[in-house]
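The values are calculated or read from the model by the stated rules, or taken from the named source; none is laboratory data. Note that the structure is predicted; figures quoted are calculated from it, not measured. Note: ideal-geometry Cβ built from the backbone for every residue, glycine included; neighbour counts use all protein chains shown. For accessibility, only protein heavy atoms count, side chains too; no ligands or nucleic acids. Shrake-Rupley method; radii C 1.70, N 1.55, O 1.52, S 1.80 Å.
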Amino acid sequence: MTKNRTFTMIKPDAVANGHTGAILNDIIKNGFKLVALKYTSLSGTKASEFYAVHAGRPFYNDLVSFMSSGPIVAAILEKNNAIDDFRTLIGATDPAKADEGTIRNKYAKSIEANAVHGSDSDENAEIEGNFFFSAFERF
Ligand code: CMP
């Protein structure tokens, strides 16, 4: 299995509730290497752009306003089988369905305020990482 990359955000709920350090620790302990890291925020415009793929879905407007409601942490992570292993580590989108011990099971409150994002494909990981990080900010 070759090393590849995924993109994650620690979402406004988890940052506001003080879970940033614990979540980064879970990520690192599970074998992911941080190759880019940023404490930042999304404007409404930037959040609509990032989630454009969901435009038209019933939860889109709420998602955009939630994601621009406070600071986030964005990161690019490297590991063998990064996309699938990270999605296993974070658990199901709906924390009520997330397996015991997963990040969403431990830290998420609802399907919207679900603590973390994880890319769903190599292609999207590349697009999402480039959305937040310039070439100088990735290693
Ligand atoms: P994420 O995978 O980061 O990207 C899309 C987000 O939409 C998802 O996490 C959820 O936080 C959010 N969302 C809100 N409501 C829903 C819903 N009903 N179904 C799927 N995703 C939802």
Taking segment 78-88 as the search range and keeping residues that are within 13 Å of the ligand (Cβ to nearest atom) and buried (at least 18 other Cβ atoms within 10 Å of the Cβ), which one is farthest from Ala108 (Cα to Cα)? Ile83
Any chance segment 68-77 includes a residue that's of a type in the set (S, T, N, Q) and either in contact with an Asp or Glu (Cβ under 8 Å, 6 or more places away or on another chain) or open to solvent by 50 Å² or more (accessible area, probe 1.4 Å) (or both)? yes
Tabulated pairs, segment 68-93, first without any contact (Cβ under 8 Å) to a residue 24 or more places away in the chain, second more than 13 Å from the ligand (Cβ to nearest atom), C-beta under 8 angstrom, 6+ apart or interchain: Thr88/Thr102; Gly91/Asp99; Gly91/Thr102; Gly91/Asn105; Ala92/Asp99; Ala92/Thr102
Out of segment 107-139, which residues are charged (D, E, K, R) and either touching a residue at least 40 places away in the same chain (Cβ under 8 Å) or part of a strand (DSSP E or B) (or both)? Lys109, Glu112, Asp122, Glu126, Glu128, Glu137, Arg138
